[in-house]
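Written below as structure tokens is the structure these notes are about.
The values are calculated or read from the model by the stated rules, or taken from the named source; none is laboratory data. What you see is a predicted model, and the numbers here were worked out from it, not measured in a lab. Cβ coordinates were reconstructed from backbone atoms using ideal geometry, including for glycine residues, and neighbour counts include every protein chain displayed. These accessible areas exclude ligands, DNA and RNA; they are computed on the full protein's heavy atoms, side chains included. Shrake-Rupley method; radii C 1.70, N 1.55, O 1.52, S 1.80 Å.
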Amino acid sequence: MNNVTEEQTQHELIRAFVRVAPLLKNLTHDDITIGIYDTEKLIINIPGNTFSLNVSPGDPLMEGDIVTNAIRNNTTLSAVVPKELFGFPLAARAIPLHDEQGRVIGGVGMGTSLEKANKLFEMAESFSAIVEQTTASIGEISQSVSHLTDRVNDVTNEMKDVSSSAQQIGKISAVVKEISDQSNMLGLNAAIEAARAGEVGRGFSVVADEIRKLATSSKENVDQINGITKNIQELLLRLNHAFSDIYTLTDTQSGAIQEFSATIQEISIKAEELAQVAEETLFSKENNQ
């Protein structure tokens, strides 16, 4: 009976809002909660589809609440309630209600859940951070590949110098071999002359034999040097081919990394745009205050 009396004493504007409040949710796709107040307490609260403010009819006006401030200051207010208060961010708006003489008789508050927008904003920021880290990693890889390419070029040039030196060794070996052949011929001629000289030329014959032995030994060493030099040149040739393949591979990878880096940059731009849109969505209510 008291409830009926209390309802009858309410201003008709407040009673009208109480009747239409459940229908207002059907006018928007947002997940909203609506509260109708008189100057002292909550009359009715329509909870959101996925959240509730844990208030009940009859609860007194809360100090610092946006509806309380709108009623007491006789002004329309908007604010974004941080998620620390209710567990999720809430875009709130409140208006005072007036009677025919302009006196404040109550207020209406509406809250819109920004949980989805907040999640989108957090995901966009996280995605942007991942893209930024990926970009940095790609930059480091690109620098490593570039450094590897430079080192391959340096080693290839050094190999050319070694190959040139090996060719010089081959030329020197050819000269030494020629000297060895000539020395062997001189030793042979000396031995013949020593034989003709008989007893007098015996000492010279010993010298001639030593010259021939030295020439033979020199020739054998030259042959070994030539064989080693040839092997070195063949190894250098194979290494040169291998490094050429590495250079081609690193050059191809460098191009691919540049293309991938450009793609990452485009993704980074889109991620920043997504974060900006999410931020604008999240704080649009506050910006319209």
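To the nearest 10 Å², what's S137's accessible area with a 1.4 Å probe?
Taking all protein chains as shown, S137 has close to 60 Å².
For a quick check of understanding: with a 1.4 angstrom probe and all protein chains in place, what accessible area in square angstrom does K171 have, to the nearest ten?
Its heavy atoms expose roughly 130 Å² to the probe.
Go through M123, M110 and list them by solvent-accessible area, largest first, probe radius 1.4 Å.
M123, M110
Can you put D161, D209 in order of accessible area, largest first, using a 1.4 Å probe?
So the residues, ranked largest to smallest area, are D161, D209.
Note down the nm distance, to one decimal, between modelled labels 7 Å out along Cα→Cβ at T252 and at T39.
So the two model labels end up 8.4 nm from each other.
Carbon and sulfur together cover what percent of the accessible area of segment 39-84 at a 1.4 Å probe radius?
That fraction is 49 percent.
Could you sort out which of K83/K116; K25/K270; K83/K270 sit more than 23 Å apart by Cα distance in this structure?
K25/K270; K83/K270
For labels at E132 and D245 in the simple 7 Å Cα→Cβ model, what's the distance in nm?
4.3
What is the dipole size for segment 40-140, taken about its Cα centre, with +1 at each Lys and Arg Cβ and -1 at each Asp and Glu Cβ, in debye to the nearest 20?
Magnitude of the dipole: close to 280 debye.
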